[in-house]
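Working notes for the structure below.
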Amino acid sequence: MRVVIAGAGNVGTSIASDLMAAGHDVLVIEQDADLLAKLRPTLPVRWLEGDCCEVSLLRLAELDTADVLVAATGDDEDNLVVSLLAKMEFAVPRVVARVNHPKNQWLFNQTWGVDVSVSTPHLLTALVEEAVSVGSLVRLLAFEGGDAHLVEVTLAEESPAKGLSLSELTVPRDASVVAVLRAGRVVIPRGDTVMHAGDEVVVLVTGDSEDKVKQLLVGD
């Protein structure tokens, strides 16, 4: 997989290192010449110096051949601009963008070319809630500009889903149970999978189906 990463800060370089170790073709764009000179000897990926928001530089990066663009700069405006260019000008199939300031989360959607946005404060909040909440629906990660997202519910004793099989739950057509975590192991959900109290149920939902899923797993 060919990945282009905009921004060589701590986030960008960590992603680049992990992807390189996994055998992917990684190119990192960084406009700070001093930072690039410092990092180049320590991380054997391909480097390109310049402004990631310049179309001419993205052409040099051959962005049209990339499978994924990761907008990982420390500036939300830059991340939005390079995401939009990646999607609209270069038709990159997958655009992942970092959200630096939570108040800007609402901007990171398909209108700006973003397929997946990652906000560290929101993610940490979700993980804290996921760790302490039983019987509550917690949003984990948004996809496709926020219309589709992963939610997690730890089933309480009084959950209406307790004792029912997945086929009996009548999950909406635009939602899908993707995993059940039970006693430290992952259960691949099938029609005959029975829900137990204490199960951590991970569901892919849309805005239209979220309330129905919540009613099925949490109740009124």
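The values are calculated or read from the model by the stated rules, or taken from the named source; none is laboratory data. Only a predicted model underlies this, so the values are computations on that prediction, with no experimental measurement involved. Cβ atoms come from the backbone with ideal geometry, glycine included; neighbour counts cover every protein chain shown.
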Region 64-88, subset among the hydroxyl-bearing types (Ser, Thr, Tyr) and surrounded by 20 or more Cβ atoms within 10 Å (Cβ to Cβ), residue farthest from the chain's Cα centre (by Cα): THR73
Which of the residues belonging to region 199-209 are crowded, with 18+ Cβ neighbours inside 10 Å and either in a helix (DSSP H, G or I) or without any contact (Cβ under 8 Å) to a residue 40 or more places away in the chain (or both)? SER209
Where in region 1-88 are there helices (runs of 4 or more DSSP H), lying wholly inside it, with at least 1 residues that are among the basic types (Lys, Arg), assigned by TED's automatic domain parsing to the domain that holds TRP106 and in contact with a helix residue (DSSP H, G or I) (Cβ under 9 Å, 6 or more places away or on another chain)? 76-88
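Quick grid of which residues meet (1) surrounded by fewer than 19 Cβ atoms within 10 Å (Cβ to Cβ); (2) modelled with pLDDT of 85 or more; (3) part of a loop (DSSP other than H, G, I, E, B); (4) not assigned by TED's automatic domain parsing to the domain that holds VAL99:
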site	(1), (2), (3), (4)
VAL128	yes, no, no, yes
LEU140	yes, no, no, yes
PRO160	yes, yes, yes, yes
ARG173	yes, yes, yes, yes
VAL178	yes, yes, no, yes
VAL186	yes, no, no, yes
ALA197	yes, yes, yes, yes
VAL213	no, yes, no, yes
Which pairs turn up if I take residues in region 69-96 that are at positive phi and look for partners that are surrounded by fewer than 24 Cβ atoms within 10 Å (Cβ to Cβ) with beta carbon separation below 9 Å, at least 6 apart in sequence or on another chain? ALA91/ASP64
Which of the residues belonging to region 89-113 are under 17 Å from the mean Cα position of the chain (by Cα), of a type outside the set (Val, Ile, Thr) and not in a loop (DSSP other than H, G, I, E, B)? ARG94, ALA97, ARG98, PRO102, ASN104, GLN105, TRP106, LEU107, GLN110, TRP112
